Structures are given as structure tokens and as C-alpha cells.
Amino acid sequence: MKLTTYSRNLAAAAVVGITSLTPAFAAEGTIKFGLCYDLSKAYTFITPQVAQAAQDLATLVNSKGGIGGHDIEVIVRDHGNEPQRGIECYEQLKREGVVVFDMLSTPVSIAVLPRVMKDKNILIQSLVGRGDAVDGSVFTQIFPVGPTYLGQAANDIAYIKEQFGGDMAGKKIGFAYLDYAFGQEPIHLLETLAEKEGFELALYPVPLPGSDQASVWTKIRRDKPDYVMAWLLAGGHVVAAKEMKRNGFPIDKYLSVNWLNEVDIANIGAEAAIGIKRGTNVAGGQDLPIIQKIIAEVYGNGKGAGPEEKIYDVYYNTGVGIYSAAFEAARLAVEQSGYPVTPESMKAGYESISGFDANGLFAPLTVTAADHGGGGKTRVEMWDGKTWVPQQEWTAAYSDLIWELVRESSSKFATE
Amino acid sequence: MFYRLSGVRHSSYVSDRRMFQVPADRNAVIILLMIGLAAPFLIPSLYLNSYVLPWLIWTAAVLGLNLVTGWAGQLHLGYAAVMAVGAYSAVHAARFGIPWEFALLIGGLSSSVIGSLFAFTALRVKGLYLALTTLAMQFVMDWVLTHSPTITGGSHASLQSPPFALLGQEITSDAGLYYVALGWCILVTIFMLNLKRTGLGRAWVAVREKDFAAAILGVNSFYYKLVAFAASSFIAGVTGAILVATFYFLAAPEQFAVNVSIQVLAMVIIGGLGSIIGSYMGAALILLMPGVVNQVFSAFAGLIGLELSIETLAHIPNAAYGALIVIFLMVEPLGLGKLYANIRDYLMIWPFDQLKK
Amino acid sequence: MSAEHQSGKTPVLECRNVERRFGGLVAVTGVDMTINRGEIFGLVGPNGSGKTTLTNAITGFYPPNTGQIILDGKDITGTKPHKVAAMGVARTFQNLALFNGMSVLDNILLGRHVHMNPGVIRTALYWWLARPEEIANREVVEEIIDFLQLESIRNELVDGIPIGLKKRVELARALVAEPHLLILDEPMAGMNQEEKEYMARFILDARAERGVSVLLIEHHMDVIIGICDRMLALNYGEMIATGVPSEVINDPRVVEAYIGVGHDA
């Protein structure tokens, strides 16, 4: 009977549903990374690329024998940018034997942070979450490898200073930012730097979600700043580009935060965007050994985790960057303390990364117990109509000042 | 099940005003309560800690919003903002060294004060205008939180909550935290059940249904609306504080942003305005369904061997979950609580249902 | 107008020269009316003559533009409706104003609101703080339920009961407030003869047993003649006759207002 077949199938589905809810036995011998990502809501402009990069890089490493003979297993789940589901995901993967987590969302990273700290697991927190988490002495379990937004802003100022021949006195720097935590974060630092370097800082808050910038750019036209640093996201840059054109602001004096990718360039127009600059912590483009290897050995063999066109995006490089550092940490962990990878050995692994640059993908990274950021180097790149051209060497400027601010903030978290 | 109303007689007004008049209901509640108390020994810690505990806390929140929206009939789109006031005041109080019992009370009271202050201005308008005014209040609170480092602890901020303790006893175990959430949820539920049999509850319903008729009975609608806002805000404040103390372990502005207000309102509407059991169901559906649908769907996709990209896999359950909500509301626009009541009423008088019609 | 005042009777309600306008429209003007304690006072007039406006002026919904309203010797002109209720005025509505989502019992209990002091803490601590009050008031309510023979529908939702009973429930709700003045706005509209008789009997009994004074708005002249002590007829917002019903209804102006200009009256 049709009905019985149907109900039998349903029952089977239900059984599978239930068994999948119970903690699965850890498959023998893999090293697990839990990626609880927002694949459906606010962070979808970056999560698919990063998740794909992590999986591709794992495939590449596994094809060469994995880490010390153990395969890497990348588990990707959706949390829809909701703290509740992020915590669900964390608690579930934790019970499946995952010790290294990545949430790639500021609210969710913040939501799981106390749990990660209490459980003494490892949280990869590159590009999101609290900026002061680079302070390894307080946030012992958190690894925001890469620069903080503070570091990036300081490096931007250093770059602009370089353009003015080392003297910023009397210059005017505009700071256009999304008016919430992400955009506001660097203000305090910029104010300090303005005092120190003698330039004038003009603040241009852009209301969320960043699509209305008309009044901001009218003001900028009146103020005539020498450079505008833009802490905007994705589409915000496209709007800014239109407004720059209308208000006659030169696009080559526009210095974006790292959230500006090939999709945005295409939306601005590859020609129109010539000269636009961005700070970045990973090299853009595909002319990099590791990306070439992935193209040849992973996609060449049809083992890519997603469509190949996703590779041609700086966020893919970002993902490869985050995970080459993570896998390097795991490699060091296995080398130092053997298998299985525990939170302690993974932490030790991370903290012994030294001078690692993934063959030129990013600035040489040295993570220590005190500095979980790995040095915080970035560089400014320029769009030349076809690709991103580096404008300077990897730098980390005003480190002392940044660390002062970081410690001031992290100490508030610690006092309890 | 067979004519469950038979044999229900009362010989005093006290027994006539019992919480649950039908023995079958009473037994069901006792069994549920026992399951609730035994849950830490029955349910694996994963589900206890990341599903049941937040569900109970959000249910308390939904009941609080249902009080002002379902009972007193005042649309409120700034509920999360009120929760934030309670959460931040309580956490600050606890960090200052005040015992948690009092910190929770401080959280509740300060929410109550702020909530009523807003209500004072908001209650000059009605309906959609009131909704917009409360929404504006949410935006004001969002702005205050993101712009006051002293409250939230700086940009990208999170304010750690000190370990939760009651009566000098630190509570950190999964089971302990669960009991805190359960206890609060039961307290709020009892309050709401009492509303069904006191003058306060009647006065609110009167204000909601016909305020001119309420006035002629001596009910001061402005005063009772204000009391509704104050009481609901108190529940919101304590709930926000407990949410932070037992689930998030720190307070961050995004936890109380405008989308959260909308979400709680959605729980109220899906559950049913003015329905207590509906509040439980609404919270469960909105809070837990996305995750469950997601898991069932990926299991199902795995079963029939569907090869999908991770992105599609993430989006399809969202669509299914949205469809589920639409279907529920089409079947019973008055919410899940009403759906339950229909079934219950049917069973209550079965097999004599034709008599009722 | 005060000719009808009988010595020894104290007025419950006095309206002095009451006028109420809505923009340019004069709904009620120059109305003087005195209702004595224990009196059943009829108020008649064609549709739109200002009967309901006058009751709304008394209960505070539309305070008079000029004139005074005096309840138990106290000037209540411009007092808010909920305060007027607390001072002992209860009313029923022409189109019913019951709360449909509530049971008959809860609706009637609401009538006790002015004698109760509900609050959040009382509700939270129901068993200790609210229950004694609820039970005490329930006893009053049960008396009225008994009086108006509503026992069998006590626990029904108001939604589901017939209109005649709804009118009775509304009367019960007004009576439990133990008002000094009860305003009944067309309590017999849409009733058949038997129901009307029941209702008339309830009104008379209410006065006899509870000493309540009644302001009765009604179209059914037989009822007015049957139970009212005195009455007032309004037309176009003005008083056209007042006095004992048998006299008032024969007043040519009343006849004219109701039946139209007589050909040879």
C-alpha cells in the first residue's frame, strides 16, 4: 500500500533525524574544526567563500597525508547569525569532539566566548568579535589571528603619513564609518593619532545599513579632507563610489577597510574603481602559490567544495589565510604533543607559530602567548582595473599605542 | 478523555476559582511539572543546556510581552530594549558586589521604571501609533547601548556577568542553571494563571476590549495600561537578567536589538494573544524550530542522497520554517494556544460534541 | 420645573441647564432634570433627540459645555467617567458593552471593580492577598446572579448567549456595583413581550430590594407608563415635557414629536 510505504519512509527519516541528534562517535583519527557560520543571514557576503576555502584547504592537506597522518575534518553548520543557534551549534559540536571553533560573526562569537573560555576550548575569531581579544593574557582561548581593526586603522594612517612624506601636520583625514560598534571601534585610536601626528580628524557617521550616504558626502565635499578612510561594508562602498563621483571626490583618496571585494568592484565598475585603495591582511588575486595549488590539485581533480568561481574573490584568500594558520597550529600541536589534538596542545601550537606566511599569502605571522593576533600586519593595495597592486610592504605601525588601548579594554573584561 | 467535565462540582467559591478546574488538566500539569523537575536526569545535558533552558527563559519573556499585548491589548515593539535595561542593571549591580537575588530585583525594578516612563509618553497614542512609538523606544535604547561605553563596556562590547549565585550558593552546573530558569518561568506562569482569576486580569481585558465600557465600570484605562507596562517590564527585566546570568554569561547590545523585539512579538502572535500555553508553544516554535528543521532537513537530504551546497542547505530549512509559520497561522490565526484549546475542548466533551453546537 | 419636588425626598441627580454641542450642532440644551432617591425616572424622545448625549454628559464621556451636573449634592461636571462610576453611577448600553472573551461570571465580577482594589502584588500573592477579596465580592455577585436568575449560564462565554440574556447580564453587571444611580439605556430594545415583562419586574425589584434610583431610557411607552414615577421628554435636544408619565404622554408636544403633527389635534 502506498500509505504504508510512505509512513515507513517517514519513520526512517525520523529515525535518522533522531540518531543525527545524538552525539556521533568521533570518527577515528581525524582532526576536527567546527565552523558554525551564518550562511543564511547577515554574513553571507563572506561565509560561503571562507567555508569553501577551509574545506578546499583541508582537501589539499589531506591529499598529502593530512597532519601527521590524520585527516582534517571541517564541519560546517549554519547558525543564521543568531546567538541562540550559535550556542546550540557550539554545544553540539563540543560533544562531538570538536575543540577548535569558528563562528565568523560578531554577535555569535561574543555569545559563545564565555563558554569557550570556561570549557577551555579554542575559538578562532579572525575579523570578528572583540578587538581586544588579541590580548592572549586575558583571552587565553581566543585566537583572532590577523590584524585587529585598530591595527588596520593605525596602519592606514601610517600609509597616509608616508604619502605626505612623513608629515601630517595640517592635513585633514575623513573617517566615514557605519554608526555602530564595528564602525565606531577605531574612533578613539584615530583621535589619539590625530593629536600625536597633528592632523585634523573629521568624523562622518553613516547610518545603518549604509545605503544612504548623500548628506555625508555633501559634507565631505564641503570639508575637502585629504583622504577618506571608510569603515563600511560591501554595498556601502558601492554607494560611496557613486557619491564620490557625484561630489567630485577623487576615488584614489578613498581607503577602505578590508571589507571590499571583487563583487563590490564589479558593482562599482572595474574601470570606475581604478585607484581605489583598501587595507588588507591577505594578498589578493590568484597569483599565489597556495591558491595555484588549490586550483590545480583540488579543482583540477574535481574535488572542490563548491563552484570554482568563488575562488576569484579576496574573501576566499582570507579564508585560506585563516585556515592555513589554523592548520599550521594543528600541525605544530601534533608535532609537539602528538595525536589527538587537545585544546591545550592546539593553544600551544598556535602560540608557537613563528614567521609563518603561507608562501606569501599574508605577512609573516608570529603568535605568542601574549599576542594572539600574530603581529597585526596589513598593507594597502590599489585596484588597477584588473587586479590588486600592493602599495607598501606589510606593516604594523603604532604597535605600542594599540597595545595600550587593547590592554585598557581587555583589563575591563578581566576584572572579575 | 470520556466527558472529562463530568463529576466536576464545586462546593465553595475557593474551589470554583482553582487554577485548573478539570482534573485531567490538573494531572497533566502535575506530570509536566514532575518531568520539568526530573529533566536534568532525563535529558542529555546538550538539550537541557542549549534547548530547554533558553526555551524556558524566552517563554518567561513571551509571557511578559503577552501580558501587555495579549491581556492589556497594547502593541509593544520595544520589548527587547526593556529586557536590556534589566539585564544591564542586574549585571552591573552584581559586578558591584550586590547579591544576585537583589541584583535581579534591581534589574526588574529599573526595567519597570524605564518601561513605565516610556509608556507614559507612548500611551497618549493607540494602535499602530503606539507600536511605532515603542519601536522608536527600541531604537533609542539601541543607540544608547552602542554609544555608552560605561554601560556596555566599550565598542564591540560585552559585559561579563559574574557567576550566578542564590542564597550565597554559587550556581554553575547545567542542572543548577536549568532549575533557575525553570523556577523563574514557573513563577511568571503562576502569576499569569492568577491573572485569569483576579480583578487585575479582568480590568486589563476590559481595557483591551472596550475602553469606554471599562471606564463606565470604574476602570481607569490609563492607569491600568501603565500598570500593565510596568508589570510586563518587570518580568522583561528579570528575564533579561536571567538570560544573561544563566545562558549568555555576558551582556552585549546585539542580544537585545530590534530583531529580538520582533522575534518575541512573533512568539506571542504564533502562540496566541493572551494564551499561556501558547506562549510556551510560540517560544518553542520560533526559538527552536530553525535548528530542528535544519537538522531534520540535513538528515533527510543525507538519507535520500541529495548533494547540496552548504549554502542551499542553510537556506532551504529557513524557507521551510517560514512556510511552517504561515501554515500554522492559516490553520488557526489565533495561534497555537487556540489550536491546543480547540483540541482540548473537543476532547473535553467528546463524545457529546454535538450537544455543544 | 421644581414643582415636582416633593418634600422629604432628596435628589440623587440634578442636571442644571445642561448644554452639549458637537461643533455647531447643539445635541442637548437647557435641560433641567432632578431624580430623587428611590425614583424610577423615564427619559423619552425620538431618535436623535439627545437622550444618549444627556447620559453621556452625566457619566462624563461628553462633559456639558454649560450647566452643571450634581450627584448626591456634589458637583461632578467634567469628572472623568471612571471617577463618576466610582461615585456610584452605573449604566447599561443601548448596543451592549459586554466583554465577549469573558464568561458571564467574569463580566459581572467586573461590575465589582469599584469596590475592589486589584494590583500586581495582590495577583502575584493570590492565595493570601487577592483570594479573600475575590471571594467576598463573589458573594455579592452570586446574590445578583440569583436575583436575575443567571445561574445556569454563569460559566458560559458571553459570546454564546442570546441577546435577551446579554441584556440581563449587563443589568447584573451594573447592579453589582451597588450604584446610587442606575442608567439603563433602552434595556428592552429588541425584546419580546415576555422578556420585557421580566426586565420590568427586575427593575422594580431592584428598586424595592436595593433602593437604587433609575434613569430609564426607553421607547416602549407601555413600560414607561407602567414603571416610571416621573419622566422627561426630549425633542431636538430640548425639554418638551416633564412630570408624571400619564400627563407627559398626553402632552400635545410629545404626541407631535412622536406621531407627527396631528391633523385635528
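The values are calculated or read from the model by the stated rules, or taken from the named source; none is laboratory data. All figures in this text were calculated on a predicted structure; none of them were measured in a lab. Note that we place each Cβ from the backbone using ideal geometry, even for glycine, and neighbour counts take in every protein chain shown.
For the reader, a short list of remarks on this structure follows.
- Tabulated pairs, the range A:163-188, first within 14 Å of chain B (Cβ to nearest Cβ) and of a type in the set (A, V, I, L, M), second surrounded by fewer than 18 Cβ atoms within 10 Å (Cβ to Cβ) and part of a loop (DSSP other than H, G, I, E, B), C-beta under 7 angstrom, 6+ apart or interchain: A:Leu178/A:Leu208
- Condition met for C:Glu170 (without any contact (Cβ under 8 Å) to a residue 12 or more places away in the chain, surrounded by 16 or more Cβ atoms within 10 Å (Cβ to Cβ) and not β-branched (Val, Ile, Thr)): no
- Filter result for B:Leu104 (crowded, with 21+ Cβ neighbours inside 10 Å, more than 14 Å from chain A (Cβ to nearest Cβ) and not in a helix (DSSP H, G or I)): no
- Selection from the range A:217-269 of residues that are in contact with a His (Cβ under 9 Å, 6 or more places away or on another chain) and more than 26 Å from A:Glu309 (Cβ to Cβ): A:Ala230, A:Tyr254
- Residues of the range C:90-148 that turn out to be of a type in the set (Gly, Ala, Ser), at the interface with another protein chain (Cβ under 9 Å from one of its Cβ atoms) and in a helix (DSSP H, G or I), as a count: 3
- When B:Ile262, B:Ile235 are checked against the criterion of being under 21 Å from the mean Cα position of the chain (by Cα), at pLDDT 95 or above and either closer than 22 Å to B:Ala87 by Cα or of a type in the set (Phe, Trp, Tyr) (or both), a single residue qualifies: B:Ile235.
- When restricted to residues that are touching an Asp or Glu at 6+ places or on another chain (Cβ under 9 Å) and either over 22 Å from B:Ala213 (Cβ atoms) or not in a helix (DSSP H, G or I) (or both), the range C:49-67 contains 6.
- Matching residues in the range A:103-119 - criterion: being more than 24 Å from B:Val52 (Cα to Cα) and more than 10 Å from chain B (Cβ to nearest Cβ): A:Leu104
- Conditions (1) under 27 Å from C:Gly211 (Cβ atoms); (2) out of contact with any Ser or Thr (no Cβ under 9 Å at 6 or more places or on another chain); (3) at the interface with another protein chain (Cβ under 10 Å from one of its Cβ atoms); number of the one not met by C:His82: (2)
- Those helices (runs of 4 or more DSSP H) lying entirely in the range A:161-276 with at least 2 residues charged (D, E, K, R): A:187-197, A:214-223, A:235-247, A:262-268
- Scanning the range B:217-243 for residues being within 8 Å of another protein chain (Cβ to nearest Cβ) and touching a His at 6+ places or on another chain (Cβ under 9 Å) gives a total of 5.
- Test result for A:Asp78, buried (at least 24 other Cβ atoms within 10 Å of the Cβ), within 20 Å of the chain's Cα centre (by Cα), farther than 18 Å from B:Asn49 by Cβ and more than 10 Å from every other protein chain (Cβ to nearest Cβ): no
- If you go through the range C:86-130 and keep only what is within 17 Å of the chain's Cα centre (by Cα) and of a type in the set (Ser, Thr, Tyr), you end up with just C:Thr92.
- Exclusive hit being closer than 23 Å to A:Phe139 by Cα, touching a Gly at 6+ places or on another chain (Cβ under 9 Å) and in a helix (DSSP H, G or I), set A:Ala369, A:Ala348, A:Ala329: A:Ala329
- A single entry from B:Ala203, B:Ala214, B:Ala284 fulfils the requirement of being within 14 Å of chain A (Cβ to nearest Cβ) and part of a helix (DSSP H, G or I): B:Ala284.
- Selection status of B:Ala301, in contact (Cβ under 8 Å) with a residue 12 or more places away in the chain and in contact with a strand residue (DSSP E or B) (Cβ under 6 Å, 6 or more places away or on another chain): no
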